[in-house]
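Visitor: Here it is, the structure in full.
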Amino acid sequence: MTSKHKRLTPFHLAIPVHDIKVARRFYGGLLGCPEGRSSEDWRVLADRLKASGVKFLIEPYVRFKGRVGEQATMFFQDPSGNALEFKAFADMDTELFKRD
């Protein structure tokens, strides 16, 4: 790249998977992508972050509670200042891209 072109870095990457073991073999084994952070339980992660004193950009909460697209979400920054979003959908199979 020339000096006038900046290197692009991803802003947001979310990959829903049906089987974490299969995903780890594919992304980690076949593609060689290192695993960052994963959690089976969004609430456990949110509680651990709160207990450690993480300052949230958007506190953990549930969006669209009881509606189509219900999701738990939270935003915070990593030590380099990158904004991170962690979310969990109430029903990934039927509500991910639906609207009321």
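The values are calculated or read from the model by the stated rules, or taken from the named source; none is laboratory data. What you are looking at is a predicted structure, and each value in this text was computed from that prediction instead of being measured. Calculation scope for accessible area: heavy atoms of the full protein, side chains included, ligands and nucleic acids excluded. Shrake-Rupley method; radii C 1.70, N 1.55, O 1.52, S 1.80 Å.
Visitor: Quick check on my link table: of Lys21/Lys55; Lys21/Lys50; Lys50/Lys87, which ones sit more than 24 Å apart, alpha carbon to alpha carbon?
Guide: Lys21/Lys55; Lys21/Lys50
Visitor: Using the Karplus equation 6.51 cos²θ - 1.76 cosθ + 1.60 (θ = phi - 60°), what ³J(HN,Hα) coupling, rounded to whole Hz, does each residue of the stretch 56-61 give in order, writing x for Gly and Pro?
Guide: 8, 6, 9, 4, x, 7
Visitor: Sticking with this structure for a sec: Keeping all protein chains in place, calculate the accessible area per residue for the stretch 28-83 (probe 1.4 angstrom), answer in Å².
Guide: Per residue, the stretch 28-83 has 69 Å² of solvent-accessible surface.
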